[in-house]
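Pasting a structure below so you can have a look.
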Amino acid sequence: MTQRRTKHWWLLIILGPALFMIVGSLAAALFFPFPVPKRATPAQRLYLENCATCHGSDGTGSWRATLFLMRPGNLRDPRLMDSLTDEYLQTLIRNGGASLGKPGMPAFGYHLRDEDIRALVAHLRTLPKR
């Protein structure tokens, strides 16, 4: 009987840290923000900190959004971006998408100043040209 308990104890010692590392790695991949390069401009920094979680670091969409069954718009599509005015994008970022019929987009007006939102829209305009 004691030999059986000893086998289970060693199994816990071996598998416990492995399971902890796997769960921790998954949590870090899902919830940590995108890394921001040291040479990033302020607008790129704003995009990576606030938008890249759903839209991806390059604007084409993120695997995190796909994992949660969200479909954010492709910000690198020139046809889409040319059809949207700067005022529309600023309103979308400031107030969120619910007021404009896009309920998945959160509001950032409480976190970002108006000049930050304008800089972010200007950065979004450069994405299709890359």
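Can you pull out every residue in the stretch 75-104 that is charged (D, E, K, R) and in contact with a Pro (Cβ under 6 Å, 6 or more places away or on another chain)? Explain how you work it out, then say what you get.
Start the filter on the stretch 75-104 by keeping residues that are charged (D, E, K, R), which leaves 76-77, 79, 82, 86-87, 94, 102.
Within the stretch 75-104, just Arg76 meets the criteria.
Identify all residues within the stretch 115-130 that are free of Cβ contacts under 8 Å to residues at least 24 places away in the same chain and acidic (Asp, Glu); write none if there are none.
Glu115
Results for (1) in contact (Cβ under 8 Å) with a residue 12 or more places away in the chain; (2) loosely packed, with under 12 Cβ neighbours inside 10 Å; (3) within 20 Å of Leu127 (Cβ to Cβ); (4) touching a helix residue (DSSP H, G or I) at 6+ places or on another chain (Cβ under 9 Å), shown as yes or no for each residue.
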{"residue": "Met21", "(1), (2), (3), (4)": "no, yes, no, no"}
{"residue": "Lys38", "(1), (2), (3), (4)": "no, yes, no, no"}
{"residue": "Leu48", "(1), (2), (3), (4)": "yes, no, yes, no"}
{"residue": "Arg64", "(1), (2), (3), (4)": "yes, no, yes, yes"}
{"residue": "Gln90", "(1), (2), (3), (4)": "yes, no, yes, yes"}
{"residue": "Arg94", "(1), (2), (3), (4)": "yes, no, yes, yes"}
{"residue": "Gly104", "(1), (2), (3), (4)": "yes, no, yes, yes"}
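Pairs only if they're at least six apart or on different chains, beta carbon under 8 angstrom, first in the stretch 77-88 and farther than 11 Å from Arg125 by Cβ, second assigned to a loop (DSSP other than H, G, I, E, B); list them, first residue then second.
So the pair list comes out as Leu80/Gly73; Leu80/Asn74.
Please go through the stretch 75-88 and give me each residue that is surrounded by 18 or more Cβ atoms within 10 Å (Cβ to Cβ) and either in a helix (DSSP H, G or I) or modelled with pLDDT under 90 (or both), ordered by number. It would help to see each step written out before you state the result.
Here is the first cut: in the stretch 75-88, the residues surrounded by 18 or more Cβ atoms within 10 Å (Cβ to Cβ) are 75-76, 81.
Met81 - this is the single residue of the stretch 75-88 that is surrounded by 18 or more Cβ atoms within 10 Å (Cβ to Cβ) and either in a helix (DSSP H, G or I) or modelled with pLDDT under 90 (or both).
The values are calculated or read from the model by the stated rules, or taken from the named source; none is laboratory data. What you see is a predicted model, and the numbers here were worked out from it, not measured in a lab. Because the Cβ atoms are built from the backbone with ideal geometry, glycine has one as well, and the counts that use them run over all protein chains shown.
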